[in-house]
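Novice: Quick one: structure below, then a few questions.
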Amino acid sequence: MFDKGIFAGLCPDIPAVSVMNCKKKRRPALYFPTHLMYHTTVMKKTLSLYISREIAVPFLLGMATFTSVLLMGRFLQLADLVVARGVLFSDILRMIVYLLPFFSMVTIPMSFLLALLLAFGRLSADSEITAMKASGMGLYSVLPPVLSCALLAYFATTFVTVYALPWGNTSFKQLLLNIIETRATLNLKERVFNDDFPGLVLYIDRYDADKSSMSGILIQDERNPKEPSTIFAEQGMIERVPGTKALRLSLKNGGIHRSLDRTGYRLLEFKDYELTINLAQTAKEVTKNELDMTFAELRETLRTHTADNKERRDTLIEFHRRFSLPFACIVFALVGVPLGIQNQRSGKASGFSVSIGVILVYYVVLSAGKTLGQKGVVHPAVAVWAPDVVFLLLGAYLFRKTALEQRIPLFDYARELIALARGMAYRRRSGP
């Protein structure tokens, strides 16, 4: 019976309400004075606050979960920076901060959809949706708080895509270049071919990081493709050239082997030889693509590139994507409520699975549209906004079906397929 949530705890000692099975509740019950119990404004305000609270908690948990999952994909790369280059932990934290806008662009809509599925799945499973309808409030009465939360998620995602994303991407690239410049020597490993230097492959038998000394040195120099050379040296030192973005290798007792146009061969032996490595060839200025551009830079690029080429199409796709992805929060508001209510008996694990399935389908359609837009098959605006339009129509259909308390055939088909798969698996395990 109605023993939980907003309609719970209203025991018979309150004249305006009679609720059976008043038990110990998981959360504090809400009580209304008798003369306010059926006051429309008070009920709507209380309902809005209650639904907002139901959405907020799983949303925060979803943000933490999805962000952690996406961050795990970068964990090995970040760990390699710590082990191989000796990058400070504070720099790793800065990298994570710079990556958060890129993750948040995706995780905010995902978490909002998950929150709706879990919140309304619980409300429906605990018969609170039925209690709302019994008190005269239809399913449309939950739209104001849901759309309010969707607008908050929309504005948050828009802020990320318009302002935070270009800042995070540019800052991340700049930090990586600074690490390459300042910690290039820390990546040297003994008895390993090091190819971090531009046009050079360096092999050393022994390396003392404290003294920056090396022994058993082999260098393949291909900075001049027409005259590649191989350098051997017994000992050497590596140091940074003050005031420049360069390293100096001071080699001792070795030789330079160089081929000459496939017809000749030259050997130069030396006692002392200095080789300068210009790190600026690797750490070039940060080049921006459409993902790193600010909103003003995207508009300027579109204004200057009027020809219908790949660069303009990519820029136009990114321009519209900055707004279509946030709009997915509003689209998911219409999709998540009916899916959560219809999926009432399957638990939180099913809600999580449904959210992943819906998001997967959404981003597959978005990726397909982006590919068509890049090839010029469809207009970039159509390619990017098509998933939102499709899911908006689907959400409106699902919401109307649920509001009219009609079964959605999609769920019946899904249950039949699941039952068929379980039957086949059971028969296979049972054998002939």
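Novice: Spelling out what I want: for every residue of segment 52-68, take phi, set θ = phi - 60°, compute 6.51 cos²θ - 1.76 cosθ + 1.60 (Karplus), and round to whole Hz; glycine and proline get x.
Specialist: Whole-Hz 3J(HN,Hα) from phi for segment 52-68: 4, 5, 5, 7, 4, 5, x, 5, 5, 5, x, 4, 5, 5, 5, 5, 5.
Novice: Work out how much length Leu76 to Thr371 would gain on full extension: take 0.36 nm times their residue separation and subtract the Cα-Cα distance, in nm to one decimal.
Specialist: Between Leu76 and Thr371, full extension yields 103.3 nm more.
Novice: Let me ask something else about it. Go through segment 367-383 residue by residue and turn each phi into a ³J(HN,Hα) via Karplus (6.51, -1.76, 1.60, θ = phi - 60°); whole Hz please, and just put x for glycine and proline.
Specialist: For segment 367-383, the Karplus-derived couplings read 5, 5, x, 5, 4, 5, x, 5, 7, x, 5, 10, 5, x, 5, 5, 4 Hz, x marking Gly and Pro.
Novice: Please give, to one decimal in nm, the separation of the simple spin-label points placed at Ala296 and Arg400, each 7 Å out from Cα toward the Cβ.
Specialist: Taking the two extended label points, one gets 4.5 nm.
Novice: Further question on the same structure: Assuming R0 = 22 Å, what is the FRET efficiency of Thr130 and Lys44, from their Cβ-Cβ distance, to the nearest 0.05?
Specialist: Calculated value: 0.75.
Novice: So if each residue of separation counts as 0.36 nm, and I subtract the Cα-Cα distance between Asp205 and Leu143, what length gain in nm does that give?
Specialist: 15.4 nm
Novice: Rounded to whole Hz and in sequence order, give me ³J(HN,Hα) for segment 312-329 from the Karplus expression 6.51 cos²θ - 1.76 cosθ + 1.60, θ = phi - 60°, writing x for Gly and Pro.
Specialist: 5, 5, 4, 5, 5, 4, 5, 4, 6, 5, 4, 10, 6, 5, x, 5, 4, 4
Novice: So if R0 is 25 Å, what FRET efficiency would Glu227 and Phe193 give, r being the distance between their Cβ atoms, rounded to the nearest 0.05?
Specialist: E between Glu227 and Phe193, to the nearest 0.05, is 0.75.
Novice: Any idea how far the Cα center of segment 122-136 sits from the one of segment 62-82, in Å?
Specialist: Using only Cα atoms to place each centre, the spacing works out to 39 Å.
Novice: Can you list the residues, at least 5 places off or on another chain, whose amide H is less than 5 Å from the amide H of Ser213, using H built in the peptide plane?
Specialist: Amide H neighbours of Ser213, under 5 Å, 5+ apart: Asp208.
Novice: With each label point set 7 Å from Cα along the Cα-Cβ vector, what nm distance links Asp272 and Gln174?
Specialist: For the pair Asp272/Gln174, the computed spacing is 4.1 nm.
We did not get these values from a lab; they are worked out from the coordinates using the rules stated. Because the structure is predicted, anything quoted here is derived from the model rather than measured. Note that we place each Cβ from the backbone using ideal geometry, even for glycine, and neighbour counts take in every protein chain shown.
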